[in-house]
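I have placed the structure first, in the form of C-alpha cells, so that the comments after it can refer back to it.
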Amino acid sequence: MTQIPVYYSDRLGSFDFGPEHPFRGSRFKKFIKLLDKAEILHKCNLISPIQAIDDDLLLAHNLDYLNLVAKLRETGGWLTMDTPVTAGSNDAQRLVSGSGLQACKLLLDGNEKIAHTFGGLHHAGADYGEGFCHYNDVAIAAKSLTERRGLERVMIVDTDAHQGNGTMDIFYHDPQVLFISIHQDPHTLYPGKGFVWETGSDEGEGFTVNIPMPPFSGNKQYARAINEIINPIAREFKPQFCIRNGGSDPFYADELTMLGLDYDGLYMVSNMVREIAMETSGNLLDMMLSGYGDLVIYGWLAQFCGVNNLDVNYKSFSPPPPHRHSSSSENTLDRATESMLTALKRELGQYWTCF
Ligand SMILES: [Zn+2]
C-alpha cells in the first residue's frame, strides 16, 4: 500500500491569533501526535509545504488586495475584527496555499489518488479577507487546475459548518468549477450567505449549489442531503478533479456552531465524499482546518479515517463525548430538511436533469 500524502510542517503552528482567539496554531502538531497514537502516522508520507508566491495568490486574488495584506503584515493590523494579519499567521497561510498547489500537482502527475492539506481558507474572496482567512487556498488550488493545467470540470465540496462565501464569490460566474457547500442555515450563522437560491450567475448559473442545513442537523439529515443532492449532481457534472473543504466545526460540541454531527457523522460525511470522488474523478484533495474547542483534532481523526476508508476505532482515541444539547426533535429536523431539499431541488431543476 502506498503511503497517504499529508502536507505538514511544524511551521504551520504560527497560524495562531493569540490566546483570546478561537483559532490556535497548536492543533496541527497535536493532530500529528494523535495520528501517531492511533497508529496511522506510519501509513502517512509527511511532505513539507512550500509557501505560495504572489503569482500563485494572484490566481484567486487581485493585486490591490495582496498589496493591502502585505502592508498589514509589516505594520500589523486587521482585515476584519476577528482576522488579524501577523507575520506568523500570514506566513502560515502562504504555506497552506502552497501545499494545496503541491497536492494538485501530485494528484495530477503521480500515482496517488488522495492527498491531505491543512487548508480550507474559504472566507477570503478576490479582494477581501475575513473569517480568519487571508488567502483562499481552496480557490487557488482550483484555479491552478483550470488556468494552469487546462482542466474543464473541477468540483469543490465544502462540508465546513460555515458557508464558503469567499470560494463562492470567486467562482460565482465560472461554469468550470462546481461549488457545492453544505452548511448551517445562514439565518443562524456567519457568514449569513449560502441560501438555496444562490445558484451562480451568467455562464456560472447552476454551478453554485448551497445546502443550508437546519440547526442541530445530525448524521441522518446529512446522509439524506448528500445522497439526494451532492451524489446525483456530481455524477451529472463528471468532475475531473475533486476538492473537499472539510473541518471539525459541524461537530455537535463545536463551540462556534450549532450542528449535530457526532464522530461517526464526521466519518460518514467524509467517507461519502470519498466514494463520490473515487467514482467520478478518481482523485480527492482533502483539506481540514476548522473546528473550535478542545475536541477539534478528534473530529479531524474521524474525517481522516473516513476519507481513507481506514478501519480504525477512532472514537477510542477521543475523550468521552460531551452531553448533547439539542432543542430540535428528530421529527422536526426531518421535516425542516425535507422542506429545504424540496426548495433546493426546485432551484437546481432549472439546470440539472437529475432533479
Ligand atoms: Zn467553519
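Where a number appears in this text, it was derived from the coordinates with a stated rule and is not lab data. Not measured: the values here are computed from a predicted model. Glycine gets a Cβ as well: all are built from the backbone with ideal geometry, and neighbour counts include every protein chain shown.
Structure values in brief
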{"item": "Cα-based shape type of the chain, given that a ≥ b ≥ c are square roots of the gyration tensor eigenvalues and the cut on a/c is 1.5", "result": "rounded"}
{"item": "For the range 255-355: rounded, prolate or oblate by the Cα gyration tensor [a/c cutoff 1.5]", "result": "oblate"}
{"item": "Order of TYR172, TYR267, TYR252 - criterion: other Cβ atoms within 10 Å of each residue's Cβ, fewest first", "result": "TYR172, TYR252, TYR267"}
{"item": "Hz values of 3J(HN,Hα) by residue in the range 199-205 - Karplus curve (6.51, -1.76, 1.60), Gly and Pro given as x", "result": "10, x, 9, 6, 5, x, 4"}
{"item": "FRET efficiency estimate (nearest 0.05) - Cβ-Cβ, ARG346 to ASN309, R0 51 angstrom", "result": "0.90"}
{"item": "Modelled FRET efficiency - R0 35 Å, ARG148 with ASN111, Cβ distances, 0.05 increments", "result": "0.95"}
{"item": "TRP197-MET81 pseudo-label distance in nm [points 7 Å out on the Cα-to-Cβ vector]", "result": "2.9 nm"}
{"item": "Among beta bridges that DSSP assigns inside the chain, antiparallel share in %, nearest 5", "result": "15 percent"}
{"item": "Amide H contacts under 5 Å for LEU79, placed H, 5+ residues apart", "result": "VAL85"}
{"item": "Label point distance in nm, ARG11-ILE53, each placed 7 Å from Cα along Cα→Cβ", "result": "1.5 nm"}
